[in-house]
Every structure is written in structure tokens, then in C-alpha cells.
Amino acid sequence: MTLSYALSDLLLPPTSLVLLTLLGLWLARRRRVLGVGLALVSQALLLAISMPVVSNALARTLEPRPVDPAQLKTAQAIVILAGGNNRGSPEWGGETVKTNTLQRVRYGARLAHETGLPIYVTGGKPTEGKFAEGELMRDVLEQDYRLSARWVDATAMTTAGNARAAARDLKSAGIRRVALVTDAMHMPRSRYVFEQAGFEVIACPTAYAGQRPFQLYQLVPGVAALQTSNYALREWVSLAYYRLFAR
């Protein structure tokens with residue numbers, strides 16, 4: 001986990017709401033109405049974002065439409081962004097890609113099979129693992145999908161770093177229009193930084209989280225919904241930061 005992710009975990013739910021609850025309980029000793037009110041509101045918000053119906057709604061505010069196959073005809077390369085690694089996988093020799101990364105690689109492989117476009121994978125070592133995420137992605141492509149990544153970046157530590165690395169490696173090859181593969185919720189931020197880096201971007205989102213039709217179970221709070229809400233809120237905050245400060 002990078003320092004920015006650690007800090008965001010403190011500022012975003014659920015941690016921030018738990019801290020507000022504790023603050024409310026502490027204040028209640030001196031200012032009962034204010035303290036109890038703060039504790040109740042923070043717990044109500046925590047309960048709300050733990051409901052699938054709320055987390056799905058938050059996800060949908062970020063998730064773009066799937067790619068139009070006709071758009072891919074103009075792409076020059078497929079760029080797949082890393083989404084984390086798993087350093088506790090003894091069945092894979094100790095280290096492999098995380099679920100998010102695997103979903104992205106799988107979809108990128110499908111697009112490559114359909115289009116024949118060359119693949120660029122990018123991801124460094126944000127958790128100080130033995131292998132960079134880009135290297136792990138290359139191995140998955142080769143071993144599981146019988147595809148070779150033409151370019152492998154093993155340095156990028158952030159989404160903005162992915163864009164800078166791609167600009168460094170691809171523009172010299174004359175590539176400026178890329179099919180960008182990442183999670184649907186991560187796509188708005190990714191697209192923004194790649195366009196800032198001078199690319200024309202064809203968004204190829206995958207791993208949708210908020211498109212399920214409503215069912216009654218979505219009113220029942222759960223950990224998975226809380227994770228989705230956290231992801232969506234993190235993306236909105238990160239996108240705002242990039243637009244304001246990372247120019």
C-alpha cells in the first residue's frame with residue numbers, strides 16, 4: 001500500500017465515520033446533544049454506504065458505457081493498467097496479480113484476441129514485492145492467454161505514473177490513440193490523466209460494480225457494499241485532486 005492510499009483510508013469511510021463516532025461519544029460527556037447527534041449521524045451514514053443499493057448508486061456515478069467495438073478499429077495499442085498484486089499466494093509461488101488486475105488482464109486479452117492490437121502493461125512495485133505488477137501481468141498474459149505484451153512498464157506507482165510511463169514508451173513508437181483497460185469506476189480518472197499525457201483514449205472499462213438490477217437484498221448492509229462505496233468515494237476524491245493539483 002502506498003502512502004497516499006494509507007492516508008486516504010484514514011480520511012474516507014469507514015475509518016473516518018468510525019472516528020467521527022468516537023469523537024461524538026467523547027463530546028457527549030460535555031455537550032450531550034451535539035455529541036450524541038454526531039455519533040448517530042456518522043453511524044447512520046456508515047450503515048447507508050454499507051447497503052448495496054447505495055454503493056451501486058455511487059458506482060454508477062463513475063462507470064461509463066462499455067466500449068463500442070467500432071471505436072477499437074482506430075486504436076493503435078491496448079494499454080492495461082495494474083490494479084494491485086497479491087504477495088500471499090503460495091499456490092502461485094508466493095506472488096501473483098490481485099483480482100482487480102486479473103479482471104483487467106482478462107478483458108485486455110479478449111480485446112487483443114478480437115483486434116490483434118499490441119499490448120502495453122504498466123505497474124510498478126507499490127507494495128515492494130519481488131516482482132513489479134507489470135511483470136506479473138506479462139506472465140499472466142503469456143501463461144494463461146497465450147499472448148505477449150509488446151511493452152512492459154515496471155516503474156509506475158500511480159495512475160498518473162501509468163500515463164507518464166505510457167507516454168514515454170509509446171509516443172516514440174508513434175502511438176497516440178490507445179484502448180485503455182481498467183476498472184469501470186477507475187476509468188474517469190485514468191482517462192483524464194492519459195488525455196493530459198497527450199493520448200487519444202478509447203475507454204474500455206471492465207469490472208463493473210454498480211449495474212446490477214435492484215433486488216430486495218440490496219437493502220441489507222454488507223462488507224462488499226462498503227468496499228464498493230469506499231472505492232467510489234476514493235475515485236471521486238482522487239479525480240478532484242488530479243484536476244485541481246496534478247496538472
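No value in this document is a laboratory result; all are computed from the given coordinates. This structure is a prediction, so every number in the text was calculated from the model and none was measured. Note that each Cβ is placed from the backbone with ideal geometry, even for glycine, and that neighbours are counted across all protein chains shown.
Remark: spin-label model distance L11-V220 equals 3.5 nm, labels positioned 7 Å along the Cα→Cβ axis.
Straight-line reach only, C-alpha to C-alpha below 25 angstrom: list the lysines that K98 could link to, leaving out same-chain residues fewer than 8 apart. Result set, ordered by chain and number: K125, K130. In plain terms, the residue of M185, M157 with the fewest other Cβ atoms within 10 Å comes first and the most crowded comes last, giving M157, M185. Summarising the overall dimensions of segment 69-206 from its C-alpha atoms, the Rg and Dmax are 13.7, 42 angstrom.
Working note: 222 nm ellipticity from helices only, DSSP H runs with n ≥ 4, each -39,500 (n - 2.57), summed and divided by the residues of the chain, gives -16500 deg cm²/dmol to the nearest 500.
What does the charge add up to near L180, with Lys and Arg as +1, Asp and Glu as -1, over the other residues with Cβ less than 12 Å from its Cβ?
Spelling it out: positives minus negatives among the neighbours equals +1.
Going by how many other beta carbons lie within 10 Å of each one, how would you line up T155, T206, fewest first?
Details: T155 16, T206 22.
Lowest count first: T155, T206.
Taking packing as the residue-averaged number of other Cβ atoms within 10 angstrom, the listed peptides 108-118, 217-227 run from highest to lowest as 108-118, 217-227.
Normalising the Debye intensity of the chain to I(0), with uniform scatterers on Cα atoms only, and taking log10 at q = 0.15, 0.18 Å⁻¹ returns -1.07, -1.38. Nearest-5 percent of antiparallel DSSP beta bridges in the chain? Taking every DSSP beta bridge within the chain, about 15 percent pair in antiparallel fashion. P(r) for segment 166-247, from all Cα pairs and a bin width of 10 Å, is 16, 37, 29, 13, 5, 0 %, short bins first.
What separates the Cα centres of segment 1-65 and segment 110-155 is a distance of 36 Å.
Where does each of S238, S190 land when they are ranked from fewest to most other beta-carbon atoms within 10 angstrom? Walk me through the numbers before you get to the answer.
Working: S238 22, S190 26.
So the residues, fewest neighbours to most, are S238, S190.
What aspartates and glutamates sit close enough to K73 to cross-link, taking a C-alpha to C-alpha distance under 20 Å and skipping anything fewer than 8 places away on the same chain? Within the straight-line cut-off, K73 pairs with E114, E195, E200. Applying D = kT/(6 pi eta Rh) to segment 114-161, where Rh is the Kirkwood radius over alpha-carbon pairs, T corresponds to 20 °C and eta to 1.002 mPa s, the Stokes-Einstein value obtained is 193 µm²/s. In sequence order, segment 114-125 has phi-based couplings of 6, 10, x, 6, x, 10, 10, 10, 9, x, x, 10 Hz under the Karplus curve 6.51 cos²θ - 1.76 cosθ + 1.60, θ = phi - 60°, and Gly or Pro positions carry x.
Could you please report the charge total around F131, scoring K, R as +1 and D, E as -1 over all other residues with beta-carbon less than 14 angstrom from its beta-carbon?
Working: positive: R87, K98, K125, K130, R138; negative: E95, E128, E133, E135, D139, E142, D153.
Spelling it out: positives minus negatives among the neighbours equals -2.
Each residue of segment 33-48 is assigned a 3J(HN,Hα), and the resulting list reads 4, 4, x, 5, x, 4, 5, 5, 5, 5, 5, 5, 5, 4, 5, 5 Hz, derived from the Karplus form 6.51 cos²θ - 1.76 cosθ + 1.60 (θ = phi - 60°), x at Gly and Pro. Considering only E142, E235, E133, the mean-square fluctuation computed in a Gaussian network model of the chain, springs between alpha carbons under 10 angstrom, is largest for E142.
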